[in-house]
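Below you'll find the structure, written out as structure tokens, and then a few comments.
The values are calculated or read from the model by the stated rules, or taken from the named source; none is laboratory data. As the structure is a computational prediction, the values presented were derived from the model and not from experiment. Cβ atoms come from the backbone with ideal geometry, glycine included; neighbour counts cover every protein chain shown. For the accessible areas, the whole protein counts, side chains as well, though only heavy atoms, and no ligand, DNA or RNA atoms are used. Shrake-Rupley method; radii C 1.70, N 1.55, O 1.52, S 1.80 Å.
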Amino acid sequence: DVKVTQSSRYLVKRTGEKVFLECVQDMDHENMFWYRQDPGLGLRLIYFSYDVKMKEKGDIPEGYSVSREKKERFSLILESASTNQTSMYLCASRAGRVTQYFGPGTRLTVL
Amino acid sequence: DQQVKQNSPSLSVQEGRISILNCDYTNSMFDYFLWYKKYPAEGPTFLISISSIKDKNEDGRFTVFLNKSAKHLSLHIVPSQPGDSAVYFCAASAGGYSTLTFGKGTMLLVSP
């Protein structure tokens, strides 16, 4: 069974704070992804990584950065959190060519 | 430009009946399609997929149909159960190892 875990289920931060969201997968997958999900907008890709130290921008990278120092861990960083970054953040890991498996999500609220 | 469209934001079905969720796409390069199910406050769960070389794939109560000429796919759930109540996302991939493009989701409510 693929297991993707995220560091927090719920997080409340203040505007301007630096926020770290961590994701760990235990299946030795090379590819990992960060999405945000907002009502009526579906899942939107923020950043992804094909391998350690590699990162690629997704559809909405502005205001975010990522770090992948180890194969199993992919971190999403909000350098200076803003209220419009209040969202559900979802991490995924890819097995094979296509299918992605998701973690439980982090509900982030920025006040 | 929305390349994967789920035009019904919600669908209500009675327990035991068939649920049909629809998805349309515009990018003819898409060659693999997936359906995910998502409960509130949880991550999406992979449900079923289909390659463009097929027109049907079945897994228990779930069947996905693909009509390439119409650029349309549908997910059939038979029989529907209250536990199927969730948001369903359609996703598409243009070639192996590429990213997924998701639709906006359809909320399915199955009532007893």
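Side notes on the structure shown:
- For the range A:68-92, residues that are more than 10 Å from the chain's Cα centre (by Cα) and farther than 13 Å from A:Val19 by Cβ total 7.
- Answer from A:Ile46, A:Ile77 - the residue that is part of a strand (DSSP E or B) and more than 14 Å from chain B (Cβ to nearest Cβ): A:Ile77
- When B:Gly95, B:Gly83, B:Gly43, B:Gly103 are checked against the criterion of being under 28 Å from A:Gln25 (Cβ atoms) and in contact with an Asp or Glu (Cβ under 7 Å, 6 or more places away or on another chain), B:Gly95 stands alone in meeting it.
- Filter result for the condition that a residue is outside any loop (DSSP other than H, G, I, E, B), closer than 22 Å to A:Pro39 by Cβ and either within 11 Å of another protein chain (Cβ to nearest Cβ) or open to solvent by 10 Å² or more (accessible area, probe 1.4 Å) (or both), over B:Phe65, B:Phe89, B:Phe33: B:Phe89
- Filter result (outside any loop (DSSP other than H, G, I, E, B) and open to solvent by 10 Å² or more (accessible area, probe 1.4 Å)) within the range A:32-42: A:Arg36, A:Gln37, A:Asp38
- Per-region count, the range B:37-67, residues closer than 30 Å to A:Thr106 by Cβ and hydrophobic (A, V, I, L, M, F, W, C): 6
- Test: A:Glu22 is part of a loop (DSSP other than H, G, I, E, B) and more than 14 Å from chain B (Cβ to nearest Cβ): no
- When the criteria are applied in full, A:Tyr10 fails the requirement of being open to solvent by less than 70 Å² (accessible area, probe 1.4 Å), out of contact with any Pro (no Cβ under 7 Å at 6 or more places or on another chain), more than 27 Å from B:Ser51 (Cβ to Cβ) and within 14 Å of another protein chain (Cβ to nearest Cβ).
- Residues in the range A:59-74 that are closer than 20 Å to B:Gln2 by Cα and at pLDDT 95 or above were compared, and the one that is farthest from the other protein chains (Cβ to nearest Cβ) is A:Glu62.
- Matching residues, the range A:87-98, being of a type outside the set (Gly, Ala, Ser) and either buried (at least 18 other Cβ atoms within 10 Å of the Cβ) or more than 10 Å from chain B (Cβ to nearest Cβ) (or both): A:Met88, A:Tyr89, A:Leu90, A:Cys91, A:Arg94, A:Val98
- Top-ranked residue in the range A:99-111 [being facing chain B (nearest Cβ under 8 Å) and of a type outside the set (A, V, I, L, M, F, W, C); ranked as surrounded by the most Cβ atoms within 10 Å (Cβ to Cβ)]: A:Gln100
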